[in-house]
Amino acid sequence: MTQISILGCGWLGLPLAEDLLANEFLVKGSTTSESKLAILEKLEIKPFLIALSEDKPIGDFTDFLKDSSILIIDIPPKLRGIEKENFVSKIKNTIPFIEKSTITNVLFVSSTSVYGEAKQTISENTTPKPDTESGKQLLEVESLLQSNPHFKTTILRFGGLIGEDRNPTKFMAGKVNIENPETPINFIHQEDCIGIILKIIATDSWNEIFNGVSPFHPSREKYYTQKASELGLPLPQFDHSKPSVGKLILSDKVETILGYSFIKTNL
């Protein structure tokens, strides 16, 4: 049986691990929380307490990778607030461990933030021009992984993540003077995130770049107003005094190359 190591069993990594187990993969999973080890073990995910640092990984990273052929990296950079990190260094310090392991394929969960916020239509052929520190570090990590000859890396750039327990409308409800009302939304549901990852593995689609965004792009004003109304929340108020700026992200490659059909198209 093929074994997969998931670095980061959080909001996406944990349900992904469960689906991989259901598809008869063996799964190793990492967490930074000691209390979560028992949860992983109960789900039959072999648990590892691992934290990345700017020096070297903390925990038994060698055993975490041992006998696995696929590594999924699903750890977002922490670049907000006071304690900012050097995400590039954290990932760079894992690469020697990956090179010496049985890993042949890496899937790196990235973000569409690498494209920046210019008003344009985006495909995987668009040259990334990140305008945030997070986007810049993600793009550098993408390059580090894809340029390494010891393993094949596929980059999966997700749009805004939503799910049953993760609804951005609650954050926007009742706010005023919200800019960019006409900017299209670029969201993806948790179920489709997992579905795309499973499809990449099933089709051996390595050394690729994919955008992961639902083909559903109403304007921010239309989307948030409708969803707030449906949820009985205060309606957000938008500022129309300035031209809207923002990108429309296409993920046609997911459908054409992977043959994936989105499940949650009406977000």
Query raised in the report: Which of the peptides 97-110, 30-43 is most tightly packed, and how do the rest follow, going by the mean number of other Cβ atoms within 10 Å of each residue?
Result: 97-110, 30-43
Query raised in the report: Tally Lys and Arg at +1 and Asp and Glu at -1 over the other residues with C-beta under 12 Å from the C-beta of ILE75: what net charge comes out?
Result: 0
Query raised in the report: Among bridges DSSP assigns within segment 1-107, what percent are antiparallel (round to 5)?
Result: 5
Report task. State the Cα centre-to-centre distance between segment 162-224 and segment 1-54 in whole Å. Result -> 24
Requested in this report: Pop a pseudo-label 7 angstrom from the Cα along the beta-carbon direction at both PHE171 and LEU231 and give the gap in nm to one decimal.
Outcome: 1.1
Requested in this report: Among the listed pairs LYS42/LYS136; LYS46/LYS199; LYS42/LYS66; LYS136/LYS253, give every one whose C-alpha distance is greater than 27 Å.
Outcome: LYS42/LYS136
Report summary line: Helix 133-146 sits off the longest principal axis of the Cα atoms of the chain, rounded to the nearest 10 on a 0 to 90 degree scale, by 40
Report summary line: For the chain, percent of DSSP beta bridges that are antiparallel (nearest 5) comes out at 10
Query raised in the report: Using θ = phi - 60° and the Karplus form 6.51 cos²θ - 1.76 cosθ + 1.60, what ³J(HN,Hα) does each residue of segment 41-50 get, whole Hz, x for Gly and Pro?
Result: 5, 4, 7, 6, 9, 5, x, 9, 8, 9
Query raised in the report: Counting other Cβ atoms within 10 Å, which trypsin sites (Lys or Arg not before Pro) in segment 149-205 have at most 14 and lie in a DSSP loop?
Result: LYS175
Query raised in the report: Modelled label-to-label distance, SER33 and ILE178, 7 Å Cα→beta-carbon offset: nm?
Result: 2.8
Report summary line: Taking R0 as 22 Å and r as the Cβ-Cβ distance between GLU54 and GLU191, the FRET efficiency 1/(1 + (r/R0)^6), rounded to the nearest 0.05, comes to 0.05
Report summary line: For LEU235, the net charge from surrounding residues (Cβ-Cβ under 15 Å; K, R +1; D, E -1) works out to +2
Requested in this report: Sticking with the crude label model, points 7 Å out along Cα→Cβ, report the distance from LYS100 to LEU21 in nm, one decimal please.
Outcome: 3.0
Report summary line: At R0 = 22 Å the Cβ-Cβ FRET efficiency linking TRP11 and ILE263, nearest 0.05, sits at 0.80
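Read-outs: derived from the displayed coordinates by stated rules, not from any lab. On a predicted model such as this, the values are computed, not experimentally measured, just so you know. Neighbour counts are summed over all protein chains in view; Cβ atoms, including those assigned to glycine, are modelled from backbone coordinates with ideal geometry.
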